[in-house]
Amino acid sequence: MIEGLWKSLSGEEVDVVEKIKEFNQEKYNVHVGSDSCLNSGEKFRLITTICFREPGKGVIVFWRAKKPTCPDTLYKRLQLEVLDSIDVASKVQELCGRDLTIHVDINPDEKFESNKFYDEMVGMVKGCGFKCITKPDAFASAIADMYTR
């Protein structure tokens, strides 16, 4: 159902569907986020996370890496991240049967280039029925960033 090879924060391979069922408890808020990076000498990497956060206690994270064709513009790269998050979030929501939040790696500050796409990317998430969090509070995409390198 949710494609790809998923891992825990420690790098251990997991059955993400079983983990979603295991941590689908009211004490956890569910968050999904993505980030991407083009590393020198490597292919483009797109990382998506599923995070189960217990307020005041911490977060349980599962992540996967994909190597799609590198988008040729910032707009297409951000769009790819958002669409992947929406796809994963939709599947997680099907399994959980409850609301969740998508974190978008986009800056609300106008001095950053990504800001010009802010309204559109946030609108895509909200238009699909999800709550949306952006920088600097988008921890699910910040965790994804750790695995882009």
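No value in this document is a laboratory result; all are computed from the given coordinates. It should be emphasised that the depicted structure is a prediction, and the values quoted were computed from it without experimental measurement. Here the Cβ is made from the backbone with ideal geometry for all residues, glycine too, and neighbour counts use every protein chain on show.
Under 9 Å by Cβ, and 6 or more places apart or on different chains, what pairs join a residue from the range 122-147 that is under 14 Å from residue 101 (Cβ atoms) with one that is aromatic (Phe, Trp, Tyr) and assigned to a helix (DSSP H, G or I)?
Hits for this filter: 133/139; 134/118.
Restricted to the range 85-121, and to residues that are of a type in the set (Asp, Glu) and more than 21 Å from residue 23 (Cβ to Cβ), which residue is surrounded by the most Cβ atoms within 10 Å (Cβ to Cβ)?
105
Within the range 101-133, can you find the residues that are in a strand (DSSP E or B) and within 11 Å of residue 82 (Cβ to Cβ)?
Across the range 101-133, the qualifying residues are 102, 103, 104, 132.
So which of 32, 92 is touching a residue at least 40 places away in the same chain (Cβ under 8 Å), within 15 Å of residue 140 (Cβ to Cβ) and under 11 Å from the mean Cα position of the chain (by Cα)?
32
Name, by its number, the condition in (1) within 18 Å of the chain's Cα centre (by Cα); (2) surrounded by fewer than 17 Cβ atoms within 10 Å (Cβ to Cβ) that does not hold for residue 49.
(2)
Which residue pairs have Cβ atoms under 7 Å apart, sit 6 or more places apart or on different chains, and have a first residue in the range 104-121 that is over 20 Å from residue 143 (Cβ atoms) and a second that is assigned to a helix (DSSP H, G or I)?
Here the result reads 109/115; 113/74; 117/75; 117/78, each pair linking the range 104-121 to a residue that is assigned to a helix (DSSP H, G or I).
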